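In what follows, a single structure is set out as structure tokens and then discussed.
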Amino acid sequence: MTKIDRRTFLSGAVKSAAAASVLSMLPPSIARALAVPAAVNTGTIQDVQHVVILMQENRALDHYFGAMRGVRGFGDRFPVPVPSGKPVWFESNGTREITPFHLDSAAVNALRVSGTPHSFMDAQNAWNQGRFGFWAKYKNDHSMGYYRREDIPFQYALAEAFTLCDAYHCSHAGGTDPNRITFMSGSNYNPAMREAGRNCTLDDAEVNNLRCSVGGKLPTPGYTYKGSAFEWATLPELLQAKGVSWRIYQNPNANWGGLLHGGLAFKSFRESQPGNPLYDNGMSSWTIEQLAAHVRDDTLPAVSWILPTPAQSEHPGGRRARPKARPSSTQC
């Protein structure tokens, strides 16, 4: 029997005369994407001409897809036990156990649920050396809330039409800034010190939000920065050195005060000026509308990063005014 992968099946369904029921379940943008035939010339990685990378904000896999059929979510047959002996779903807030509960958008404004603590320290406390047990205590009760298909139909349709990475986790158990630095450079601490077997200090690593939190605006009067600048090579620099085209699509003045741009932690980006590719492609304004135009006229770079605005980032409370950051805060 010939095996058919999911994309081939759904693409065929979209094109067939009996596709009405399938199409009615898919958002138009996803249906259009499925209808585009994959460009297969060699059947190798050489067929991939463009890579577009988008990272959204502060939504866990179980929070979005724990109730989705087929994922290792709340139906996990082998959940990690907590010290009480119960499954990992039984998390204490210090007073009572909180189990996963539905954030019902039909009853409350569930999609606007406020953010939870996400600094390195509270993440370490919640992790509890792998024992867990007090997640709700350090992450708040509503960190145990989750959505269903009817709450986030687009995300469910996207996951089912393409590929969902099961149990996928962020690079750093902490806030936005360290993860965005990893996003742009592969590490949130000095890789040379790692290779030398030396522990990093706060001068050589980003643990909490600091270096990407900027003041000022671009192009004038320019950004002001906090913390020392890192100097290891970023991914855009490595691409530039190899002659591979790249660009960061963003509004440099609507990127959550710089926190969504991991390159801002680096000396190379901070000191770049107009005319320098790091500035022209990585610090300037490039809109989603321009990205769409570049796709249409076949001028899209080989590698593109998209930095969403706060309102587009899916961050809990992302449409609200940004809270004032405390010196030790990791609000993002």
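The values are calculated or read from the model by the stated rules, or taken from the named source; none is laboratory data. Predicted model, so just to flag it, every value in this text is computed and none were measured. Cβ sites come from the backbone with ideal geometry, for glycine too, and all protein chains shown count toward neighbours.
Say whether the condition of being farther than 26 Å from Asp122 by Cα and under 17 Å from the mean Cα position of the chain (by Cα) is met by at least one residue in the stretch 220-228.
Scanning the stretch 220-228, I find no residue that is farther than 26 Å from Asp122 by Cα and under 17 Å from the mean Cα position of the chain (by Cα), so the answer is no.
Tell me, which residue of the stretch 217-226 that is surrounded by 14 or more Cβ atoms within 10 Å (Cβ to Cβ) and touching a residue at least 24 places away in the same chain (Cβ under 8 Å) is nearest to Tyr279 (Cα to Cα)?
So, considering only residues that are surrounded by 14 or more Cβ atoms within 10 Å (Cβ to Cβ) and touching a residue at least 24 places away in the same chain (Cβ under 8 Å), the one nearest to Tyr279 (Cα to Cα) is Leu218.
When Leu103 is evaluated against the numbered criteria (1) at pLDDT below 90; (2) within 24 Å of the chain's Cα centre (by Cα), which criterion, by number, is the only one it fails?
Against the list (1) at pLDDT below 90; (2) within 24 Å of the chain's Cα centre (by Cα), Leu103 comes up short only on (1).
Yes or no: the stretch 23-32 includes at least one residue that is modelled with pLDDT under 85, surrounded by 10 or more Cβ atoms within 10 Å (Cβ to Cβ), assigned to a helix (DSSP H, G or I) and not assigned by TED's automatic domain parsing to the domain that holds Trp286.
yes
Looking at the stretch 69-88 only, could you name the residues that are touching a residue at least 12 places away in the same chain (Cβ under 8 Å) and either charged (D, E, K, R) or farther than 16 Å from Met144 by Cα (or both)?
Scanning the stretch 69-88 gives Val71, Arg72, Pro83, Ser84.
Determine, yes or no, whether Ala254 is within 24 Å of Gly175 (Cβ to Cβ), of a type in the set (A, V, I, L, M, F, W, C) and either surrounded by fewer than 20 Cβ atoms within 10 Å (Cβ to Cβ) or more than 22 Å from the chain's Cα centre (by Cα) (or both).
For Ala254, the condition - within 24 Å of Gly175 (Cβ to Cβ), of a type in the set (A, V, I, L, M, F, W, C) and either surrounded by fewer than 20 Cβ atoms within 10 Å (Cβ to Cβ) or more than 22 Å from the chain's Cα centre (by Cα) (or both) - is met.
Of the residues Trp256, Trp246, Trp232, which single one is modelled with pLDDT under 95, more than 24 Å from Asn125 (Cβ to Cβ) and either of a type in the set (A, V, I, L, M) or in contact with a Pro (Cβ under 9 Å, 6 or more places away or on another chain) (or both)?
So the residue among Trp256, Trp246, Trp232 that is modelled with pLDDT under 95, more than 24 Å from Asn125 (Cβ to Cβ) and either of a type in the set (A, V, I, L, M) or in contact with a Pro (Cβ under 9 Å, 6 or more places away or on another chain) (or both) is Trp256.
Considering only residues that are β-branched (Val, Ile, Thr) and outside any strand (DSSP E or B), look in the stretch 227-277 and name the one that is nearest to Thr201 (Cα to Cα).
Of everything passing the filter in the stretch 227-277, Thr234 is nearest to Thr201 (Cα to Cα).
Can you name the number of the only condition in (1) free of Cβ contacts under 8 Å to residues at least 12 places away in the same chain; (2) among the charged types (D, E, K, R); (3) under 23 Å from Gly186 (Cα atoms) that Glu289 fails?
Looking at each condition in turn, Glu289 falls short on (3).
Is it the case, given these coordinates, that Phe90 is exposed (fewer than 14 other Cβ atoms within 10 Å of the Cβ), of a type outside the set (Ser, Thr, Tyr), modelled with pLDDT of 90 or more and not assigned by TED's automatic domain parsing to the domain that holds Ile181?
no
Out of the stretch 296-332, which residues are modelled with pLDDT of 90 or more, closer than 22 Å to Thr182 by Cα and part of a loop (DSSP other than H, G, I, E, B)?
Within the stretch 296-332, Pro301, Ala302, Leu307, Pro308, Thr309, Ser313, Glu314, His315 meet the criteria.
Would you point out the residue of the stretch 234-245, among those that are farther than 14 Å from Ser272 by Cβ and in contact (Cβ under 8 Å) with a residue 12 or more places away in the chain, that is surrounded by the fewest Cβ atoms within 10 Å (Cβ to Cβ)?
Restricting to residues being farther than 14 Å from Ser272 by Cβ and in contact (Cβ under 8 Å) with a residue 12 or more places away in the chain, the top hit is Val244.
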